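The values are calculated or read from the model by the stated rules, or taken from the named source; none is laboratory data. Here the structure is a predicted model, which is why all the values come from computation and not from measurement. Cβ placement follows ideal geometry from the backbone for every residue including glycine, while neighbour counts extend to all protein chains displayed.
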Amino acid sequence: MTNRATSVCIIADMAAQPTSRPGSSESQADDLLILLAVARTGRFTTAGESLGVNHTTVSRRIAALEQALGGRLLAKAVGGWELTELGRRAARAGEGIEFAIAGLSSETDSPEHELSGVVRMSATDGFSAYIASPAVAGLQRRHPRLAVEIETVTRRVRQYRSGLDIEVVVGEPQVHRASAFLLGEYVLGMYASRDYLAERGIPASVEELTRHPLVYFVDSMLLVDDLDAPRRLVPTMRDSISSTNVFVHVEATRAGAGIGFLPCFMADRHDDLVRLLPERFAERLPYWMVLRPDSLRLPAVAAVADALRAQTAGYERELLGRSAV
C-alpha cells in the first residue's frame, strides 16, 4: 500500500484499540497522523470517515495533541478547519511519519514500485471527461491498484483544505499555501445545430446573433468570472436552456434549443453543430491545476498530476478548436 493507505490502516487500528499511553511518543505519533487527516479534509467528520473512526475520537485525539504541544493546532475557518502556525509544523512532522511508514511498506512492494491508493480531484465536466479520464486510465494500465475519484464542478479554487488532492479550475487562481500550475488553454465559441439554422437562418453578424436565444450556464449560479463572456459580449441575448452542466449545454444546442456558447473541444466532436462567427467569438480561457504541498509530495498524486499535464499538452489542438464548418 502507499503511504496514505498504510497510515489510514494504522490509525484506524490504533484508534479502535489504543495500545500506547496518552502523552507517550507512540500516542503523539498517532495523533500527528490524525491531525494530518484533518488538515487534508478540513473537517473532523470527514477525517474520521477516511480513518474509520468517529469524529469524537478525532476531536479527543486532537485535543490531547494540543495539550502535549502546548498550543492550538487548528483554527475555525469558513467551510472547515485550517492549521495554525504550530499546526503546520505538527502536520509536517506527521508527513514525516507517513513517509517513514511508506518506506517500510515499500520494502514488500513489487520491484516496479507500483502506485496504489486513492487520489481525489475535482475539475470541470468537460475536462473530467475528455482529459482527466483518459489520463487516469492510461496511468492505471501501469498501476492497476491506483484509484482516482473525480468530482465534477465548475467553481473557484477552494481556499481551505477540502479533502481534494488536485483541483483543476478555469482562470488563474489566487491561492495561499498551495501550488498552481498552468495546464493549457481552451477556446469557447458560438454553435448551433444544422437543423436549427435551416429553420431559423444563419446569423451573419453579431446583431443577427443576438436575436437568437442563448444556451449557457445559469447566470445566478456561475461562480467563475472568466466564464461570464456571453454576458459581456452579447448581453442582449435572452436565455433559453441554462444549466450548471456543460454536457447539457451541448445536447440542448444539438436539440435546437438555441445558440450555445460551447467549448470547442466538446462541440467540434459533433458534425451536426456549426460554429458561428468564429472571428468574433473565440474566448480563450486557461485551465489551472492547484495542489496543496502535502498532497504534491505523495507519489500517487504527483503521478496523476504529471498525467494530467501530459494529456492536456497532447490535446492542445482539440482544446483550441477548429474553424467553422
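Answer yes or no as to whether R275 is modelled with pLDDT of 95 or more, touching a Phe, Trp or Tyr at 6+ places or on another chain (Cβ under 8 Å), surrounded by 15 or more Cβ atoms within 10 Å (Cβ to Cβ) and within 23 Å of E208 (Cα to Cα).
yes
Filter the range 23-71 down to the residues that are of a type in the set (D, E, K, R) and not in a helix (DSSP H, G or I) and list them by number.
Listed by number, the list holds a single entry, R43.
Tell me yes or no: at least one residue of the range 194-207 is surrounded by 15 or more Cβ atoms within 10 Å (Cβ to Cβ), over 17 Å from the mean Cα position of the chain (by Cα) and not in a helix (DSSP H, G or I).
yes
Could you tell me whether the range 284-301 includes any residue that is surrounded by fewer than 19 Cβ atoms within 10 Å (Cβ to Cβ), hydrophobic (A, V, I, L, M, F, W, C) and within 30 Å of R200 (Cβ to Cβ)?
The answer is yes; a qualifying residue exists.
Yes or no, residue by residue, for (1) closer than 22 Å to G117 by Cα; (2) crowded, with 21+ Cβ neighbours inside 10 Å; (3) modelled with pLDDT under 85; (4) of a type in the set (D, E):
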| position | (1), (2), (3), (4) |
| --- | --- |
| G23 | no, no, yes, no |
| D31 | yes, yes, no, yes |
| I34 | yes, yes, no, no |
| R40 | yes, yes, yes, no |
| G52 | yes, no, yes, no |
| T84 | no, no, no, no |
| G87 | no, yes, no, no |
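Checking the condition within 27 Å of the chain's Cα centre (by Cα) and free of Cβ contacts under 8 Å to residues at least 40 places away in the same chain, which residue from A267, A282, A310, A302 passes?
Just a single option satisfies the conditions, and that option is A302.
For the range 208-241, name all the residues that are under 23 Å from the mean Cα position of the chain (by Cα) and either of a type in the set (A, V, I, L, M) or surrounded by fewer than 19 Cβ atoms within 10 Å (Cβ to Cβ) (or both).
The answer is V218, D219, S220, M221, L222, L223, V224, D225, D226, L227, D228, A229.
Got a sec? Which helices (runs of 4 or more DSSP H) wholly within the range 222-325 have at least 2 residues that are touching a helix residue (DSSP H, G or I) at 6+ places or on another chain (Cβ under 9 Å) and outside the structural domain of S193 (by TED's automatic domain parsing)?
In the range 222-325, no matching helices (runs of 4 or more DSSP H) lie anywhere.
Within the set of pairs 6 or more residues apart or between chains, which connect a residue that is in contact (Cβ under 8 Å) with a residue 60 or more places away in the chain inside the range 185-205 to a residue that is among the hydroxyl-bearing types (S, T, Y) and in a helix (DSSP H, G or I) with Cβ atoms less than 9 Å apart?
Close Cβ pairs (under 9 Å, with a partner that is among the hydroxyl-bearing types (S, T, Y) and in a helix (DSSP H, G or I)) amount to Y191/T253; A192/T253; S193/T253; Y196/T253.
Can you name the condition, by its number, that A47 falls short on among (1) under 14 Å from L32 (Cβ atoms); (2) in contact (Cβ under 8 Å) with a residue 24 or more places away in the chain?
(2)
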